[in-house]
Amino acid sequence: MAAPPDMELSPSLSLELLPTDPLLLILSFLDYRDLVSCCYLNRRLNQLSSHDPLWKRHCKKYWLISEEEKSRQNQSWRAIFISTYSDLGRYIHYYATLKKAWDDLEQYLGQWCPRMISSLKESVREEDLDAVEAQIRCKLPDDYRCSFRIHNGQKLVVPGLMGSMALSNHYRSEDLLDIDTAAGGFQQRLGLKQCLPLTFCIHTGLSQYMALESVEGRNKYEIFYQCPEQMARNPSTIVMFITGTSYLEWFTSYVNKVVTGGYPIIRDQIFRYVHDKDCVATTEDITVSVSTSFLPELSSVHPPHYFFTYRIRIEMSKDALPENACQLESRYWRITNAKGDVEEVQGPGVVGEFPVISPGKVYEYTSCTTFTTTSGYMEGYYTFHCLYNKDRFFNVTIPRFHMVCPAFKVSTA
């Protein structure tokens, strides 16, 4: 069959005949790998793929290079991408996420916890991380390595970057360990075999560990607090309270909680109290809100003893009338564990104090409780008396707040 006349007359479609602008538009949608591949197809695609504005998007997406940084480097976008890739290419899927987390954290610390900034260490070299792997004879995950190419943890100081916790007779503040200190604490003993410490508290000795291999019942790269299994026959058996499934998830979720105000700043430190936004109750002019935290270092699974601390904020509206000023007289608690067992507690004041609340004033205090179950909740009320009308007493609702132990497992050592 003969070809239609119009097909016989139309010239063959050639890449050389296509306009430049549509081709550049098509190339702008390609990922960096496909863009590099185009360089090897023919001379024209090689020229077009080298078009510098095409590489601007990749520099910003993968390396977070700004216009100001480009000006300082005085290089083309393509040259910057290639030089950065030659140094950090193995981390291309992690770098932007971790760099943004570090940048956000530094900006937040500069505003709220400035003395922490000076404790951060500069980045390490690739060969330093290789040397650590040779020392511990175990591979480090790429997301962990990538983070240390940005910041090498912090100095062993107080307060720690990874959060603090304080009760009347107990204090914890966790530092993010630098790579050499972490390598020095690498564990080969039963119960913590092939585990690398990520954090350390110089007051309690508490660390969060990352499993570098799937041994003793752990998943590879799982992050956890460890505490002794007190009733096990084998003294090497430990309980692991899971805090993360990978370094990337563990670190970025913590930073997000910090920079969004999820953790309170108290005395220039990040305190790891979690606040449920629904856990607020207002009675007349007084608002009560609660945040909670689980303390693994004071808990055990066998025997069951789960230790929680809670921080309560009592605030009178600044629009309240001055004659509404009042003083806390007593407290009532109804404490319920996961089995439905109820305990009632009533007594004068709170933590030995009888705070006075007036318009715009805030009173905060910290206390604690334990459960024999992995979860439970508390609720109740405070009784106040008016300062300008001694005969008037009224109750202020404490909202129900839940406390839940994180997931845990027992090692198979």
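The values are calculated or read from the model by the stated rules, or taken from the named source; none is laboratory data. None of the values given here were measured: they were computed from a predicted structure. Every residue, glycine as well, gets a Cβ built from its backbone with ideal geometry; the counts of neighbours run over all protein chains shown. Calculation scope for accessible area: heavy atoms of the full protein, side chains included, ligands and nucleic acids excluded. Shrake-Rupley method; radii C 1.70, N 1.55, O 1.52, S 1.80 Å.
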Among the residues of segment 274-284, is any open to solvent by less than 50 Å² (accessible area, probe 1.4 Å) and not in a strand (DSSP E or B)?
no
What is the one condition in (1) at pLDDT below 95; (2) out of contact with any Phe, Trp or Tyr (no Cβ under 8 Å at 6 or more places or on another chain) that V301 does not satisfy?
(2)
Could you list, in sequence order, all residues of segment 319-351 that are surrounded by 17 or more Cβ atoms within 10 Å (Cβ to Cβ), among the polar types (S, T, N, Q) and more than 36 Å from the chain's Cα centre (by Cα)?
N324, S330
Among the residues of segment 224-239, are any more than 22 Å from Y171 (Cα to Cα) and within 15 Å of the chain's Cα centre (by Cα)?
no
Could you go through segment 285-307 and let me know if any residue there is within 25 Å of C386 (Cα to Cα) and outside any strand (DSSP E or B).
yes
Neighbours by Cβ (under 9 Å, 6+ apart or cross-chain): first from segment 154-176, touching a residue at least 40 places away in the same chain (Cβ under 8 Å) and among the β-branched types (V, I, T); second open to solvent by 10 Å² or more (accessible area, probe 1.4 Å) and in a loop (DSSP other than H, G, I, E, B)
V158/I202; V158/H203
Report the residue count in segment 184-204 for those that are open to solvent by less than 10 Å² (accessible area, probe 1.4 Å) and either small (G, A, S) or outside the structural domain of P228 (by the TED database) (or both).
1
Which numbered condition D268 misses (of (1) over 30 Å from Y254 (Cβ atoms); (2) modelled with pLDDT under 95):
(1)
Report yes if Y221 is in a loop (DSSP other than H, G, I, E, B) and either of a type in the set (F, W, Y) or modelled with pLDDT of 95 or more (or both), otherwise no.
yes
S123 fails exactly one of the following numbered conditions: (1) in contact (Cβ under 8 Å) with a residue 12 or more places away in the chain; (2) open to solvent by less than 50 Å² (accessible area, probe 1.4 Å); (3) more than 14 Å from F251 (Cα to Cα). What is the number of that condition?
(2)
For segment 367-413, which residues satisfy the criterion of being in the same structural domain as L295 (by the TED database), of a type in the set (S, T, N, Q) and either open to solvent by 40 Å² or more (accessible area, probe 1.4 Å) or under 19 Å from F241 (Cα atoms) (or both)?
T369, T370, T372, T373, T374, S375, N389, N395, T397
List pairs: first residue in segment 242-255 and farther than 14 Å from H93 by Cβ, second residue of a type outside the set (A, V, I, L, M) and in a helix (DSSP H, G or I) anywhere in the structure, Cβ distance under 6 angstrom, at least six positions apart or on different chains.
G244/W250
Turns out the helices (runs of 4 or more DSSP H) fully within segment 34-73 with at least 1 residues that are among the charged types (D, E, K, R) and open to solvent by less than 60 Å² (accessible area, probe 1.4 Å) are 43-49, 67-73
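Let's see how each residue does on (1) in contact with a helix residue (DSSP H, G or I) (Cβ under 6 Å, 6 or more places away or on another chain); (2) not assigned by the TED database to the domain that holds Q187:
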site	(1), (2)
N42	no, yes
R72	no, yes
S83	no, yes
A101	yes, no
S118	no, no
In segment 104-218, which helices (runs of 4 or more DSSP H) lie fully inside it and hold 2 or more residues that are at pLDDT below 95?
114-117
Pairs only if they're at least six apart or on different chains, beta carbon under 7 angstrom, first in segment 222-236 and within 20 Å of Y306 (Cβ to Cβ), second assigned to a loop (DSSP other than H, G, I, E, B) and of a type in the set (G, A, S); list them, first residue then second.
C227/S299
All-but-one check, Y221 against (1) on the phi < 0 side of the Ramachandran plot; (2) open to solvent by 30 Å² or more (accessible area, probe 1.4 Å), failing number (1)
Could you list, ordered by first residue, the pairs with Cβ atoms under 6 Å in which the first is in segment 53-79 and within 20 Å of H93 (Cα to Cα) and the second is aliphatic (A, V, I, L, M), at least 6 apart or interchain?
L54/L27; C59/I65; C59/I80; Y62/I92; Y62/A96; L64/A96; I65/I80
Go through (1) under 30 Å from D319 (Cβ atoms); (2) hydrophobic (A, V, I, L, M, F, W, C); (3) not assigned by the TED database to the domain that holds R311 one by one and return the number of the condition I286 breaks.
(3)
